[in-house]
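Following this message is one structure expressed as structure tokens.
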Amino acid sequence: MNPRLLPYFLIFPVTLFLCLFFLYPFVLVSQEAFSNENGYNLDNFREVTSYWKFPISLKNTFLLAAAVVPVQLALSLLMATMVNRMKRGRDLILYIWTIPLGISDLAAGIIWLAIFEQSGFLNSMLGGLGLIDSPTNFLSYQTPVMVFVAIMLAEIWRATAIMLVILVAGIGLIPKEYYEAGEVFGASPWQRFLKITLPLLRPSLQTALVLRVILAFEVFAVVQALGGTLFPVLMGETYAYQFDLLDGGAAAAIALIILAISITFTLIIMRALRVPKGATI
Amino acid sequence: MAVIEIKNVAKTFGSYQALHDINLTIADQEFMVLLGASGCGKSTLLRIICGLETASEGEVWIGGRRVDHLPPKDRGISMVFQNYAVFPHLTVFENIGFGLRMQKMPDDDVKRRVERTAGLMHIDQLLSRYSGELSGGQRQRVAVARALAMEPDVILMDEPLSNLDALLRMEMRAELKGVLAESNTTAIYVTHDQVEAMSMADRISVMHEGKIVQAASPIEVYRNPAAEFVAGFIGNPPMNFLDATPQGGGKYTVAGHSFDGPSAANSNLQFAIRPEDMKLSDDGLQAVAKVVEPLGAHLLVTCELDGKLFRAILDSEMQVKPGDVLKLAPMPDRIRWFDPATTLAVA
Ligand SMILES: Nc1ncnc2c1ncn2[C@@H]1O[C@H](COP(=O)(O)OP(=O)(O)O)[C@@H](O)[C@H]1O
Ligand SMILES: [Mg+2]
């Protein structure tokens with residue numbers, strides 16, 4: 001077989017699979033979003049964006065992403081740097097730190113609900129310590145900040161590991177000689193992190209951030225478990241349109257809006273962290 | 001510009017002793033080469049001087065200052081790494097200026113210094129390139145320029161030319177030596193390549209199994225090896241050894257012939273001679289040619305002599321075939337003697 005055609009031949013099955021199960025449904029969803037009984041139009045988009053909950057869910061989704069992703073980025077960088085310096089027990093720590101990855105987002109939400117709810121761990125602990133007289137409801141409409149913090153904590157706990165594993169792999173690829181050169185030429189540990197680790201980690205940071213940001217805009221089950229209707233987000237609205245209001249067109253329209261946001265941020269991240277030609281390891 | 005003193009330095013990795021009681025003084029502006037086979041501890045010693053590794057015992061002094069508790073940047077040194085370690089995410093300019101920027105040198109001064117060193121290393125055309133756009137030789141030049149830009153007292157180099165092809169290596173060898181001589185820095189250069197060592201060094205320290213066996217000028221190391229190891233390591237091919245038995249009165253029997261040797265010793269010795277220090281003569285040692293390799297400039301003949309392999313370098317005009325019997329006479333003033341008990345040279 002012609003060796004130039006071989007790669008295309010080999011990726012054909014995967015491509016076919018993707019077309020069948022991703023592209024085709026995508027076309028269907030788009031069709032549904034851009035049409036109603038009157039034919040092709042933007043009515044669905046008009047409907048969902050003019051609904052009073054839309055600006056709130058949009059704002060909440062962005063707020064949550066803006067609060068969670070930077071914290072996760074900093075945390076995962078710190079954790080990856082620490083893991084990378086460990087000689088013994090490195091794998092064990094990595095396994096422990098990545099346990100939340102194995103738990104579904106709904107289960108994660110329920111775990112944190114068990115902590116924060118009126119009869120939860122936090123209340124019994126505070127009560128046991130004598131800090132409060134009777135259990136309080138942390139997750140009520142009267143404590144929106146607390147609801148937000150609980151969701152933030154759950155999200156950070158659940159999804160930092162995905163960034164961590166990507167960054168650990170990326171840091172492992174940076175040759176030790178660069179750090180030694182940095183040290184010899186007078187860079188402090190912090191400067192070595194800023195001037196060597198971060199720039200050389202750009203490809204991994206790109207991947208980790210893109211993945212994480214896309215997941216942040218799709219946040220759903222954790223919010224549902226902890227905030228319910230107190231903290232509407234875009235994905236929750238999609239669900240509500242599809243299954244509560246049985247309005248497939250509107251659900252499809254919101255899904256496409258989420259997709260557009262994700263693509264925009266992906267492009268921004270790729271652009272911001274791009275590596276000039278010839279400047280790779 | 002600094003004298004380097006290494007006092008009783010030892011290094012153990014776990015239970016493995018990589019360096020044993022190293023003592024070495026390197027003069028101001030001297031070009032010192034650490035030469036030895038792979039794994040003998042050259043890099044470890046260099047890294048201890050540099051500060052990337054801490055000695056288990058002993059002291060390192062640079063320019064009259066004890067430095068072994070100081071971080072690398074405070075030792076007045078800079079380093080050229082074996083794999084260059086040219087930062088891929090920085091341009092050549094920023095690479096050369098990296099150390100100066102860390103010192104918070106003003107932009108104008110950085111620019112001047114970078115341009116001057118880049119000119120010295122003939123890479124002034126490449127200043128805006130990334131290392132991915134450079135050849136191995138150019139990267140090597142950037143690494144040297146980055147070290148020189150610091151205007152260090154001491155420049156440390158760990159096999160800096162080992163990743164270059166043979167022709168480029170020869171070219172860089174001469175150039176590096178010239179640039180370093182101009183810069184008035186003390187240099188320590190690690191290599192396993194004896195040609196590199198012989199051609200560049202003011203002094204060579206031959207290392208073996210974590211010890212310095214001999215530290216002397218290249219010609220001294222070549223002519224008067226201090227130990228059997230040096231004699232068998234330096235020279236291509238290295239010295240030949242034959243068994244010598246004492247007759248008394250400073251005379252020794254070697255392959256049935258009598259030679260004048262050290263009179264103080266009166267025990268079995270090793271007789272050593274370089275392959276090129278043999279002449280054909282009727283009263284020479286009898287050898288049977290086994291392999292004949294014409295090398296252009298001369299003829300390398302591997303023979304059997306006194307039951308041992310013995311190499312001789314003869315004139316390229318000679319007609320020698322395998323199986324021929326040769327009469328090889330060692331040049332008397334080139335004969336060296338080693339004590340097999342201590343492996344050291346005896347005079
Ligand atoms: N960090 C280390 N841990 C354990 N052993 C080491 C370490 N660095 C070097 N060694 C050992 O010390 C010996 C000398 O190494 P090195 O100085 O790199 O030799 P050279 O540079 O002469 O080839 C080798 O046997 C090597 O395996
Ligand atoms: Mg080495």
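The values are calculated or read from the model by the stated rules, or taken from the named source; none is laboratory data. Remember, it's a predicted structure, so these values are computed and weren't measured experimentally. When we count neighbours, we look across all protein chains shown, and the Cβ atoms used for this are built from the backbone with ideal geometry, even at glycine. The protein model used for the area step is the full one, side chains on, heavy atoms only, and it has no ligands, DNA or RNA in it. Shrake-Rupley method; radii C 1.70, N 1.55, O 1.52, S 1.80 Å.
Condition check ((1) in contact (Cβ under 8 Å) with a residue 12 or more places away in the chain; (2) in contact with a Ser or Thr (Cβ under 6 Å, 6 or more places away or on another chain); (3) not assigned by TED's automatic domain parsing to the domain that holds residue B:295) across all residues:
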site: B:183; (1), (2), (3): yes, no, yes
site: B:187; (1), (2), (3): yes, no, yes
site: B:193; (1), (2), (3): yes, no, yes
site: B:198; (1), (2), (3): yes, no, yes
site: B:205; (1), (2), (3): yes, no, yes
site: B:213; (1), (2), (3): yes, no, yes
site: B:228; (1), (2), (3): yes, yes, yes
site: B:248; (1), (2), (3): yes, no, no
site: B:251; (1), (2), (3): no, yes, no
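Does residue B:104 satisfy the condition of being open to solvent by 70 Å² or more (accessible area, probe 1.4 Å), within 11 Å of chain A (Cβ to nearest Cβ) and under 22 Å from residue A:191 (Cα atoms)? Please lay out each step first, then the result.
On the way: open to solvent by 70 Å² or more (accessible area, probe 1.4 Å): yes; within 11 Å of chain A (Cβ to nearest Cβ): yes; under 22 Å from residue A:191 (Cα atoms): yes.
When the stated conditions are applied, residue B:104 passes them.
When you scan the stretch A:13-23, do you find a residue that is part of a loop (DSSP other than H, G, I, E, B) and loosely packed, with under 10 Cβ neighbours inside 10 Å, even just one?
Residues of the stretch A:13-23 part of a loop (DSSP other than H, G, I, E, B): none.
Checking the stretch A:13-23: not a single residue is part of a loop (DSSP other than H, G, I, E, B) and loosely packed, with under 10 Cβ neighbours inside 10 Å.
Which of (1) modelled with pLDDT under 95; (2) more than 27 Å from residue B:300 (Cβ to Cβ) is the odd one out, the single condition residue B:235 does not satisfy?
(2)
Now for a separate question. Would you be able to say whether some residue in the stretch A:210-226 is among the small types (Gly, Ala, Ser), part of a helix (DSSP H, G or I) and within 14 Å of another protein chain (Cβ to nearest Cβ)? Write out each step before concluding.
Applying the first criterion (among the small types (Gly, Ala, Ser)) to the stretch A:210-226 yields A:216, A:221, A:225.
Narrowing further to those that are part of a helix (DSSP H, G or I): A:216, A:221, A:225.
From what's left, within 14 Å of another protein chain (Cβ to nearest Cβ): none.
No.
Answer with yes or no whether residue B:160 is in contact (Cβ under 8 Å) with a residue 40 or more places away in the chain and closer than 25 Å to residue B:109 by Cα. Before you say what the answer is, go through the steps one by one.
Working: in contact (Cβ under 8 Å) with a residue 40 or more places away in the chain: yes; closer than 25 Å to residue B:109 by Cα: no.
Against the criterion (in contact (Cβ under 8 Å) with a residue 40 or more places away in the chain and closer than 25 Å to residue B:109 by Cα), residue B:160 does not qualify.
OK, next. Within the stretch B:61-100, take every residue that is in a strand (DSSP E or B) and at the interface with chain A (Cβ under 10 Å from one of its Cβ atoms) and give me the one that is nearest to residue A:279 (Cα to Cα).
Residues of the stretch B:61-100 that are in a strand (DSSP E or B), as a first pass: B:61-62, B:65-66, B:77-81, B:84, B:91.
Next, only the ones that are at the interface with chain A (Cβ under 10 Å from one of its Cβ atoms) stay: B:77-81, B:84, B:91.
Numbers: B:77: 27, B:78: 24, B:79: 22, B:80: 20, B:81: 19, B:84: 15, B:91: 8 Å.
Of everything passing the filter in the stretch B:61-100, B:91 is nearest to residue A:279 (Cα to Cα).
Does residue A:163 satisfy the criteria of being open to solvent by 40 Å² or more (accessible area, probe 1.4 Å), away from every other protein chain (no Cβ under 14 Å) and over 19 Å from residue B:89 (Cβ atoms)? Give the derivation first.
On the way: open to solvent by 40 Å² or more (accessible area, probe 1.4 Å): no; away from every other protein chain (no Cβ under 14 Å): yes; over 19 Å from residue B:89 (Cβ atoms): yes.
No: the conditions fail for residue A:163.
Name the residue that is nearest to the other protein chains (Cβ to nearest Cβ), counting only residues in the stretch B:207-221 that are within 13 Å of ligand 1 (Cβ to nearest atom) and closer than 23 Å to residue B:185 by Cβ.
Just the residues of the stretch B:207-221 that are within 13 Å of ligand 1 (Cβ to nearest atom), to begin with: B:207-212.
Filter again for closer than 23 Å to residue B:185 by Cβ, leaving B:207, B:212.
On the way: B:207: 21, B:212: 24 Å.
Looking at the filtered set, the residue picked out is B:207.
Just to verify a result, which residue in the stretch A:227-281, among those that are within 14 Å of chain B (Cβ to nearest Cβ) and in contact with a strand residue (DSSP E or B) (Cβ under 8 Å, 6 or more places away or on another chain), is farthest from residue A:54 (Cα to Cα)?
Residue satisfying both the conditions and the ranking: A:278.
Go through the stretch B:186-206 residue by residue and tally those that are touching a helix residue (DSSP H, G or I) at 6+ places or on another chain (Cβ under 9 Å) and away from ligand 1 (no atom under 16 Å from the Cβ).
So the answer is 8.
Let me ask something else. Please go through the stretch B:199-220 and give me each residue that is surrounded by fewer than 19 Cβ atoms within 10 Å (Cβ to Cβ) and under 22 Å from residue B:163 (Cα atoms), ordered by number.
B:199
Look at residue B:47 and say whether it is away from ligand 1 (no atom under 16 Å from the Cβ), at pLDDT 95 or above and out of contact with any helix residue (DSSP H, G or I) (no Cβ under 6 Å at 6 or more places or on another chain). Quick ask: steps written out before the conclusion?
Numbers: away from ligand 1 (no atom under 16 Å from the Cβ): no; at pLDDT 95 or above: yes; out of contact with any helix residue (DSSP H, G or I) (no Cβ under 6 Å at 6 or more places or on another chain): yes.
So residue B:47 does not fit the description; no.
Check off (1) within 16 Å of ligand 2 (Cβ to nearest atom); (2) open to solvent by 40 Å² or more (accessible area, probe 1.4 Å) for residue B:223 and give me the number that stays unchecked.
Condition not satisfied by residue B:223: (1).
Do we find that residue A:147 is within 15 Å of residue A:225 (Cβ to Cβ), β-branched (Val, Ile, Thr), open to solvent by less than 40 Å² (accessible area, probe 1.4 Å) and touching a residue at least 60 places away in the same chain (Cβ under 8 Å) in this structure?
Working: within 15 Å of residue A:225 (Cβ to Cβ): yes; β-branched (Val, Ile, Thr): yes; open to solvent by less than 40 Å² (accessible area, probe 1.4 Å): yes; touching a residue at least 60 places away in the same chain (Cβ under 8 Å): yes.
Yes; evaluated as a whole, the condition is true for this residue.
Given the structure, is residue B:319 under 26 Å from residue B:226 (Cα atoms), open to solvent by 70 Å² or more (accessible area, probe 1.4 Å) and not hydrophobic (A, V, I, L, M, F, W, C)? Explain how you work it out, then say what you get.
Values: under 26 Å from residue B:226 (Cα atoms): no; open to solvent by 70 Å² or more (accessible area, probe 1.4 Å): yes; not hydrophobic (A, V, I, L, M, F, W, C): yes.
No; evaluated as a whole, the condition is false for this residue.
If a residue must be within 16 Å of ligand 2 (Cβ to nearest atom) and among the basic types (Lys, Arg), how many such residues does the stretch B:29-79 contain?
Adding up the residues that qualify gives 2.
Oh, and also: Out of (1) assigned to a helix (DSSP H, G or I); (2) exposed (fewer than 12 other Cβ atoms within 10 Å of the Cβ), the odd one out for residue A:108 is which?
Going through (1) assigned to a helix (DSSP H, G or I); (2) exposed (fewer than 12 other Cβ atoms within 10 Å of the Cβ) one by one, residue A:108 breaks only (2).
Is it the case that residue B:239 is away from ligand 1 (no atom under 16 Å from the Cβ), touching a helix residue (DSSP H, G or I) at 6+ places or on another chain (Cβ under 6 Å) and either closer than 22 Å to residue B:29 by Cα or small (Gly, Ala, Ser) (or both)? Give the derivation first.
Values: away from ligand 1 (no atom under 16 Å from the Cβ): yes; touching a helix residue (DSSP H, G or I) at 6+ places or on another chain (Cβ under 6 Å): yes; either closer than 22 Å to residue B:29 by Cα or small (Gly, Ala, Ser) (or both): no.
No, not satisfied.
Separate question: For the stretch B:163-181, how many residues meet the condition of being in contact (Cβ under 8 Å) with a residue 40 or more places away in the chain and hydrophobic (A, V, I, L, M, F, W, C)?
Of the residues in that region, 3 qualify.
Something else about it: Within the stretch B:16-44, take every residue that is over 23 Å from residue B:76 (Cα atoms) and more than 10 Å from ligand 1 (Cβ to nearest atom) and give me the one that is surrounded by the fewest Cβ atoms within 10 Å (Cβ to Cβ).
That would be B:21.
Please enumerate the residues belonging to the stretch B:181-199 that are more than 14 Å from chain A (Cβ to nearest Cβ) and either among the aliphatic types (A, V, I, L, M) or within 13 Å of ligand 2 (Cβ to nearest atom) (or both). Break it down into steps so the answer makes sense when it comes.
First, the residues of the stretch B:181-199 that are more than 14 Å from chain A (Cβ to nearest Cβ): B:181-187, B:189-199.
Passing the criteria: B:181, B:187, B:189, B:190, B:191, B:192, B:193, B:195, B:197, B:198.
Take the residues of the stretch B:45-60 that are open to solvent by 20 Å² or more (accessible area, probe 1.4 Å) and assigned to a strand (DSSP E or B): which is farthest from the other protein chains (Cβ to nearest Cβ)? Show your work before the answer.
Of the residues in the stretch B:45-60, the ones open to solvent by 20 Å² or more (accessible area, probe 1.4 Å) are B:47, B:52-59.
Restricting the remaining residues to those that are assigned to a strand (DSSP E or B) gives B:57-59.
Values: B:57: 23, B:58: 21, B:59: 20 Å.
Ranking the qualifying residues of the stretch B:45-60, first place goes to B:57.
Taking residue B:91 as the residue in question, decide whether it is within 16 Å of ligand 1 (Cβ to nearest atom) and among the polar types (S, T, N, Q). Give the derivation first.
On the way: within 16 Å of ligand 1 (Cβ to nearest atom): no; among the polar types (S, T, N, Q): yes.
Here the answer is no, as residue B:91 does not meet what is asked.
Next question, about the same structure. Return the only residue of B:60, B:80 being within 16 Å of ligand 1 (Cβ to nearest atom), modelled with pLDDT of 95 or more and in contact with a Pro (Cβ under 9 Å, 6 or more places away or on another chain). Walk me through it before giving the result.
Details: B:60 fails: in contact with a Pro (Cβ under 9 Å, 6 or more places away or on another chain).
Of the residues listed, the single one that is within 16 Å of ligand 1 (Cβ to nearest atom), modelled with pLDDT of 95 or more and in contact with a Pro (Cβ under 9 Å, 6 or more places away or on another chain) is B:80.
Turning to a different aspect of this structure: Identify, by number, the condition in (1) within 16 Å of ligand 2 (Cβ to nearest atom); (2) away from chain A (no Cβ under 14 Å) that residue B:159 doesn't meet.
Residue B:159 satisfies every listed condition except (2).
Any residue in the stretch B:10-28 that is in a strand (DSSP E or B), over 24 Å from residue B:152 (Cα atoms) and within 13 Å of ligand 2 (Cβ to nearest atom)?
yes
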